[in-house]
1. Just want the answer: with Cβ charges of +1 for Lys and Arg and -1 for Asp and Glu, which residue in A:L18, C:G159, B:W71 is farthest toward the dipole's positive end in the protein assembly as shown?
2. Along Cα→Cβ, 7 Å out, is where each label goes; now give me the distance between the ones at C:D11 and C:T259 in nm to one decimal.
3. Per-residue Cβ counts within 10 Å, from other chains only, averaged over B:102-112: what number is that?
4. Counting only heavy atoms of the protein chains, get the accessible area per residue of the range B:126-206 (1.4 Å probe) and round it to a whole Å² value.
5. Give me the distance in nm between label points sitting 7 Å out from Cα along the Cα-to-Cβ direction at B:E79 and C:A216, one decimal.
6. Below 8 Å between Cα atoms, with a sequence gap of 6+, how large is the relative contact order for chain C in percent?
7. Using the heavy atoms of the protein chains and a 1.4 angstrom probe, tell me the accessible area per residue for the range A:1-59 in square angstrom.
8. Comparing the chain by itself with all protein chains present, which residues of the range C:146-164 are at least 40 Å² less accessible (probe 1.4 Å)?
Amino acid sequence: MSSEWPLWEVFIRGQHGLNHRHVGSLHAPDAEMAINNARDVYTRRNEGVSIWVVKSADITASAPSDKGPLFDPSNSKVYRHPTFFDIPDEVGHM
Amino acid sequence: MYAQMVKTDSTRLRSLDEMDPVERAFQERVDAGQKIEPKEWMPEGYRKTLVRQISQHAHSEIVGQLPEGNWITRAPTLERKAILLAKVQDEAGHGLYLYCAAETLGVSRDELYEQLHSGKAKYSSIFNYPTLTWADIGAIGWLVDGAAIMNQVPLQRCSYGPYSRAMIRICKEESFHQRQGYDILMKMVKGTPAQKAMVQDALNRWWWPSLMMFGPSDDASVHSAQSMAWKIKQNSNDELRQKFVDQTVPQAKYLGLTVPDPDLTWNEEKGGYDFGQPDWEEFFNVIAGNGPCNAERLEARRKAWNDGAWFRDGLTAHAEKMAERRAAAKIAAE
Amino acid sequence: MATATPEATVDKAALLEFLLRTGDNALVLGHRVSEWCGHSPVLEEDIALANTALDLIGQTQLWLGLAGEVGGRGRTADDLAYLRDGYEFRNLLLVERPNGDFGKTLMRQFLFDAWHYLLLKALKGSTDRRIAEIAEKAFKEVAYHLERSRDLIIRLGDGTAESHRRMQEALADLWPYTGEMFVGDASDAALAEAGVVPSPESLKAGWDEIVADALAEATLKRPADGYMHKGGRRGVHTEHLGYILSELQFLQRAYPGATW
């Protein structure tokens with residue numbers, strides 16, 4: 001099987017001057033296509049939005065609150081991507 | 001349901017006292033209604049069950065594009081065509097959100113596709129039935145989306161954060177799906193006798209498969225009990241089926257249709273309908289691959305994937321070339 | 001374009017002809033693109049392509065809606081889409097070409113988008129306010145279609161050896177259907193004279209430039225301008241259109257007068 005397109009995290013600015021907010025993820029061969037795909041998948045053509053994409057593998061996340069052993073995927077995938085960040089609404093309105 | 005009979009690897013439900021401290025802390029957080037996030041500790045059984053359930057759900061969305069997609073080019077008006085296309089497109093989007101949620105559990109979309117294409121992974125039995133007339137498009141929106149919503153609304157409160165958030169987004173986008181189906185049928189039953197007959201025929205064919213979507217009774221199932229303890233399932237199959245029948249029968253009456261169940265009667269005492277059982281032998285046959293469209297559905301998915309390999313590889317190769325060229329230009333500039 | 005000309009002075013038959021041509025292009029290409037729904041090589045593309053098809057169906061409603069008004073026989077956009085036979089359709093032969101593989105679909109889209117983009121850009125300045133309004137909306141959508149199809153044919157042309165070969169073949173297959181976009185007739189000339197639409201010939205230089213740039217970046221070779229197929233714009237189609245219409249119009253034809 002050929003190599004899978006990398007996974008990207010998508011952040012979108014709402015129409016009212018809000019901060020960029022995590023909306024989900026998708027696959028794309030590079031950043032430019034990730035932007036296009038994000039527009040088609042996550043904005044369904046709303047005009048005036050701004051999109052950020054970042055490779056999921058490039059995100060550094062804080063350690064989870066629990067001190068227990070990290071969950072280890074049985075198939076030992078090297079990357080773990082913090083997709084679908086839970087950003088509280090009030091953060092978006094900063 | 002879009003995920004039917006999901007196994008959990010559990011043989012019996014354990015109490016908090018029987019768990020080690022880490023698992024106990026996990027279960028207590030779930031009990032307290034807290035969300036579990038991707039990098040946090042979770043029991044292996046919880047992870048595996050979620051992968052099964054979410055991927056089954058995702059596969060159902062993308063296989064589910066096919067029966068309705070079958071009528072996009074034949075929709076009777078430009079507006080109906082646009083609505084149907086938007087709806088089937090939403091299903092692709094929902095599949096995408098769900099695959100992404102599954103990917104947070106350490107499995108790739110390609111691996112999940114491989115499981116689907118090899119026949120190893122399941123998807124909802126309902127999508128192995130054919131769409132034979134335009135009324136079927138109405139019936140799918142009304143009955144199939146109606147049944148799916150019954151399950152998806154509670155799943156918004158699921159304990160796993162990414163799945164819960166995907167379900168919130170899906171429910172929000174899906175709110176118009178059931179209405180568009182019912183709207184198609186309302187228009188048709190007010191139309192010519194031929195149109196009305198088409199609607200009754202669609203109900204006759206889709207009623208029982210819709211009831212099967214909830215899966216067989218799981219009141220005695222350890223898997224179901226475990227999933228409920230983990231809060232990745234909120235209601236029993238029978239509960240949801242009852243709710244669906246109670247909600248749907250008056251809607252059928254409004255359309256002037258006859259529900260094809262001779263045992264259907266209102267039970268004043270329980271405040272709901274008594275109804276007959278679907279043909280479970282048929283259900284297990286469809287699950288086992290013997291439904292009217294299993295072979296076509298899988299073949300269509302495999303074909304889309306295999307025929308598209310050159311396209312995906314071409315774009316990968318181009319992205320790599322561009323990255324190399326950028327790197328070379330940077331070195332040259334230094 | 002000429003300065004403002006009252007709508008009433010423009011020949012109604014010519015205007016109707018133009019609206020049918022423009023609406024039928026959107027209808028037939030939207031139909032073809034929608035055939036991919038559920039069958040694309042990757043989910044992200046499936047969703048993107050559906051957006052393109054949705055835009056085209058929306059544009060069809062606007063163009064054919066106006067055609068119905070102008071035609072003055074009380075026909076709706078749906079009547080025009082569902083109750084005309086092939087000889088009454090005015091779309092380019094290019095848009096009724098079968099989808100082929102995904103590369104061919106994208107190449108057809110690009111060749112059409114580049115032309116569609118220039119057409120709509122000019123139509124934004126139409127002396128007919130109704131046409132200018134539709135073009136304003138459609139132009140935004142089509143600018144994005146072009147951005148996307150151009151990007152993809154470049155990537156696939158300059159991708160693997162196989163993707164390059166497929167794109168070059170698609171270009172060769174479709175090229176003979178591009179000439180029709182730039183050949184005007186008397187009705188085009190009348191409308192161009194009144195500043196309602198650009199003359200088809202006037203779009204050629206801009207199209208050549210967009211296409212040449214993209215093909216160069218895609219490392220694809222522009223085919224020689226040999227024989228060009230024509231006929232769609234005056235209702236003489238390929239055999240493919242009949243099959244498109246038999247699907248598209250099935251319900252309206254099988255149940256005459258029914259509402260849906």
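The values are calculated or read from the model by the stated rules, or taken from the named source; none is laboratory data. Quick caveat: nothing in here was measured; it's all calculated off a predicted structure. Cβ coordinates were reconstructed from backbone atoms using ideal geometry, including for glycine residues, and neighbour counts include every protein chain displayed. Side chains included, ligands, DNA and RNA excluded: accessible areas come from the protein's heavy atoms. Shrake-Rupley method; radii C 1.70, N 1.55, O 1.52, S 1.80 Å.
1. A:L18
2. 3.8 nm
3. Values: counts 0, 9, 8, 5, 10, 4, 6, 7, 6, 4, 0.
Taking all residues of B:102-112 together, the mean is 5.
4. Numbers: 2520 Å² over 81 residues.
About 31 Å² of surface per residue is accessible.
5. Computed distance between label sites B:E79 and C:A216 equals 4.9 nm.
6. Details: 371 pairs, mean separation 69.8, N = 260.
27 percent.
7. Per-residue value: 43 Å².
8. Residues shielded by partner chains are C:R148, C:R155, C:L156, C:D158, C:G159, C:T160.
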